[in-house]
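What follows is calculated from the coordinates using simple rules that are stated; it is not laboratory data. On a predicted model such as this, the values are computed, not experimentally measured, just so you know. Don't worry about glycine lacking a Cβ; one is built from the backbone with ideal geometry, like all the others, and counts go over all protein chains shown.
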Amino acid sequence: MKYTDGNNCFVYIDHDEGTINQVSLELLTEAKHLMKRLKAPEKVVAIWLGTFTDDILKMLGDYGADHIITCEREDLNQYDVMKHTTVISEMIDAYHPQSMLIGGTVKGRELAPRISARVHTGLTADATQIDLDGETHHLAITRPAFGGNLYATIITPDHFPQMATIRPGVFEAKTFGHTSLPTQETFQYDKALHSPIEVMAIEEKDTKRTNIADAKLIVSAGRGVKNCLNLVSDVAAHLNGEVASSRALVDGGIMSKNHQVGQTGHTVRPSLYIACGISGAVQHTAGMDKSDTIIAINTDENAPIFDVADLGIVGDAQAILKQLQKQLDA
Ligand SMILES: Cc1cc2nc3c(=O)[nH]c(=O)nc-3n(C[C@H](O)[C@H](O)[C@H](O)COP(=O)(O)OP(=O)(O)OC[C@H]3O[C@@H](n4cnc5c(N)ncnc54)[C@H](O)[C@@H]3O)c2cc1C
């Protein structure tokens with residue numbers, strides 16, 4: 001079977017030697033939801049470069065892929081932006097997909113613009129939302145614009161595929177419980193692939209570094225608690241959670257950028273997000289309002305953070321965290 005004539009949405013599967021980046025599963029899930037809304041539903045097609053296995057086939061199917069196009073060359077096992085750009089651009093020329101989604105990871109952010117330039121189409125980078133245009137059913141892709149002061153929804157009506165990179169954590173990865181496996185076909189690319197990039201060594205990621213994007217529980221600090229951050233860390237540790245922060249503390253040099261939640265930081269969706277001394281500016285809530293439960297502590301009863309909170313506590317965060325710490329100690 002060959003999927004041609006544009007009836008499909010490509011999702012690039014970002015992986016490290018077979019370990020799939022979560023954002024690719026999030027995009028498969030969202031693509032499936034979007035394609036189902038079309039009158040003539042299009043197929044979700046996962047794009048895989050490198051060695052492929054039956055386990056991967058099943059996993060991609062579980063998260064929404066109807067079909068998988070693979071290019072199983074050994075020299076594609078290790079990510080190389082030049083080689084990956086060439087092969088994916090050739091795939092696009094061969095299959096004419098209607099749209100293509102790529103995770104806004106370090107790799108995706110360098111890969112997507114190169115592909116879009118190669119195939120002469122537009123790219124909406126760093127999207128925070130995807131919808132379908134009511135009349136045309138083109139993708140309506142939303143991203144921050146003008147320095148983040150407003151959101152722009154962008155449609156690419158004249159050039160295909162409609163391409164977007166989407167930040168990790170914006171969508172939820174969910175399995176669909178498929179009864180049948182997705183179909184698979186091989187994209188035969190036999191030409192030599194050249195790249196000026198030579199990988200000298202790969203260093204293991206420091207696993208001790210904060211990974212708030214995947215955290216299930218986050219205690220987040222704003223300017224209102226800048227003088228009692230040890231309390232915030234202590235409560236987070238007691239609850240087995242991670243510490244995050246608003247940009248105010250990052251700009252103030254108190255927290256590292258790696259901790260920042262929001263439009264220009266991480267998008268998080270933990271089970272519980274405790275916002276301590278955070279006002280709730282839209283640039284902050286854009287990165288945390290999809291958390292399952294939000295508890296906000298703020299001295300100002302009119303603080304906008306209470307608009308997104310499930311439970312609001314009006315009071316001094318230091319005093320409240322101290323009480324919580326005592327109870328957790330006990
Ligand atoms: C382009 C752009 C991008 C941005 N991106 C981001 C982003 O990604 N993430 C982000 O967070 N921000 C971002 N910002 C900044 C954002 O607009 C806010 O300025 C920032 O989120 C404010 O941080 P804050 O809530 O900690 O501080 P403040 O707004 O100063 O709020 C402090 C809050 O603490 C409360 N408070 C004070 N004392 C106490 C106390 N003892 N106990 C309890 N509460 C107390 C106050 O009532 C107040 O509500 C961005 C801004 C722009 C222009």
*For n ≥ 4 DSSP H runs only, could you compute -39500 (n - 2.57) per run for the chain, divide by its residues and tell me the 222 nm figure to the nearest 500?*
-8000 deg cm²/dmol
_With +1 on the Cβ of every Lys and Arg and -1 on the Cβ of every Asp and Glu, and nothing else charged, how large is the dipole of the chain about its Cα centre, in debye rounded to the nearest 20?_
540
_Diffusion constant of the chain at 10 °C, which comes from Stokes-Einstein with the Kirkwood Cα-pair radius and 1.306 mPa s, µm²/s_ = 74
*Please identify every one of the trypsin sites (Lys or Arg not before Pro) in region 161-233 that sits in a loop by DSSP and has no more than 12 other beta carbons within 10 Å of its own beta carbon.*
191, 205, 208, 209
*Starting from the Cα of residue 319, step 7 Å along the direction of its Cβ; do the same at residue 239; then give the gap between the two resulting points in nm.*
2.0
*Considering the dipole of the chain built from charges on the beta carbon (Lys and Arg +1, Asp and Glu -1) around the Cα centre, which of 64, 229, 139 is farthest to its positive end?*
229
*Inter-probe distance in nm under a simple model that places probes 7 Å from Cα toward Cβ, at residue 230 and residue 301*: 3.4
*asked:* Could you tell me the relative contact order of region 178-325? Use alpha-carbon pairs under 8 Å, at least six residues apart, and round to a whole percent.
replied: 20
_Phi-based couplings in Hz for region 255-262 (Karplus 6.51, -1.76, 1.60; Gly and Pro marked x)_ = 10, 7, 4, 4, 8, 6, 9, x
*Can you flag which of 257/322; 58/216; 174/216 are past 19 Å Cα-Cα?*
257/322; 58/216
_I'd like the orientation of helix 106-118 relative to the chain: the angle between its Cα long axis and the longest Cα principal axis, in ° from 0 to 90, rounded to 10._
40
_If packing is taken as the average count of other Cβ atoms within 10 Å, what order do 193-204, 33-44 fall into, highest mean first?_
33-44, 193-204
*asked:* Can you work out the Karplus-derived ³J(HN,Hα) for every residue in region 10-16? Use 6.51 cos²θ - 1.76 cosθ + 1.60 with θ = phi - 60°, whole Hz, and x for glycine or proline.
replied: 7, 10, 6, 8, 7, 8, 10
*Once amide H atoms are built 1.01 Å from N in the peptide plane, which residues 5 or more positions from residue 125, or in another chain, come under 5 Å H to H?*
165
*Quote to one decimal, in nm, the extra length available between residue 271 and residue 251 on full extension: 0.36 nm per residue of separation minus the C-alpha distance between them.*
4.5 nm
*Find how many whole Å separate the alpha carbon centroid of region 231-289 from the alpha carbon centroid of region 49-104.*
34
*Mean Cβ count within 10 Å, highest first, over the residues of peptides 63-74, 97-108*: 97-108, 63-74
*asked:* Over the chain, with a Gaussian network built from C-alpha contacts below 10 Å, which listed residue (115, 212, 254) shows the highest mean-square fluctuation?
replied: 254
*Angle in degrees between helix 229-238 and the longest Cα principal axis of the chain, rounded to the nearest 10*: 70
*Once you sort the root eigenvalues of the Cα gyration tensor of region 212-329 as a ≥ b ≥ c, which label holds: rounded (a/c under 1.5), prolate (a/b larger than b/c) or oblate (the other case)?*
rounded
*Under the definition of Cα pairs under 8 Å and six or more residues apart, what whole-number percent is the relative contact order of the chain?*
14
_Reference-scaled alpha-carbon Rg (2.2 N^0.38 Å with N residues) for region 8-186_ = 0.96
